[in-house]
Amino acid sequence: MEEVPDHREYLKMKAEKLLKDRKIFLDKLKQDIMDYTGRKYHIVKKAPLVFKTLVCLLESELINGNYKVMVRYAIAYFIQALDEYPESKYGPEGFLDDIYLSVIVFKEIVEEYGFGEVERCWDGDAEDLKKLLKKEFNDLEIEFGASKERILIRSGIKYLLELHGESNGK
């Protein structure tokens with residue numbers, strides 16, 4: 001009988017495979033959102049930048065420990081076919097939960113390491129990143145707040161955040 005890897009191990013394997021194929025994924029991501037003009041377009045259009053930032057953070061020598069694992073899980077969540085709001089059902093709007101989760105990870109990294117490393121990895125205007133981390137995150141929090149727990153559990157990040165909270169006395 002073939003052994004089935006646990007959910008986190010599966011996400012890790014998917015993320016590692018994706019890193020090998022990231023150019024293909026980025027091209028597909030850009031294609032998927034190219035003609036999108038729907039709801040929250042200003043956030044959806046940032047999906048390729050968000051993904052590229054995750055990849056850069058994964059390769060960063062500054063980011064380590066559970067933060068690097070959170071980044072890996074966020075990358076895997078981006079490519080999961082059956083995430084909380086799948087692109088197969090919602091089209092490009094389905095990237096909003098991926099972006100929401102990624103920004104949660106960015107905010108954790110900013111809290112631990114400061115804004116500099118996330119900004120260094122962001123391949124766009126720094127003001128757009130600041131807007132994503134504040135105003136647009138608040139918009140996403142309103143939209144996905146009720147689903148936040150499920151998204152964090154599905155991604156594997158909830159456990160890491162709990163560990164982080166415990167180690168910091170939260």
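Bear in mind these aren't lab numbers, they're just calculated from the coordinates by the rules spelled out. The structure presented is a predicted model; accordingly, all values stated were derived computationally and were not measured. Every residue, glycine as well, gets a Cβ built from its backbone with ideal geometry; the counts of neighbours run over all protein chains shown.
Looking at the chain as a GNM with Cα springs under 10 Å, which of I63, I104, I142 has the largest mean-square fluctuation? So, out of I63, I104, I142, the one fluctuating most is I142.
On the principal axes of its alpha carbon atoms, the chain extends 44, 41, 32 Å, with the longest extent given first. Listing K130, K135 from fewest to most neighbouring C-beta atoms within 10 Å gives K135, K130.
Taking the Cα centre of region 87-156 as origin, sum charge times position over the Cβ atoms of Lys and Arg (+1) and Asp and Glu (-1), and report the length of that vector in debye to the nearest 20. Let's see the in-between values first.
Details: 10 positive and 18 negative charges, 46 e Å.
Computed about the Cα centre, the dipole is about 220 debye.
How high is the FRET efficiency between K107 and E9 when r is their beta carbon distance and R₀ equals 41 Å, given to the nearest 0.05?
Details: r = 26 Å, r/R0 = 0.63.
So the FRET efficiency works out to roughly 0.95.
Put in line by how crowded their Cβ is, counting other Cβ atoms within 10 Å and starting with the fewest, D98, D35 read D35, D98. Do the alpha carbons of any pairs in K89/K148; K30/K148; K23/K45; K52/K130; K46/K107 sit beyond 23 Å of each other, and which pairs? Table pairs above 23 Å Cα-Cα are K30/K148.
Out of every Cα-Cα pair that region 104-170 contains, those further apart than 18 angstrom amount to 47 percent. Placing +1 on the Cβ of every Lys and Arg and -1 on the Cβ of every Asp and Glu, with nothing else charged, gives the chain a dipole about its Cα centre of roughly 220 debye. In the chain, a dipole from Cβ-located charges (positive for Lys and Arg, negative for Asp and Glu) runs towards its positive end, and of N64, G156, Y77 it is Y77 whose Cα lies farthest in that direction.
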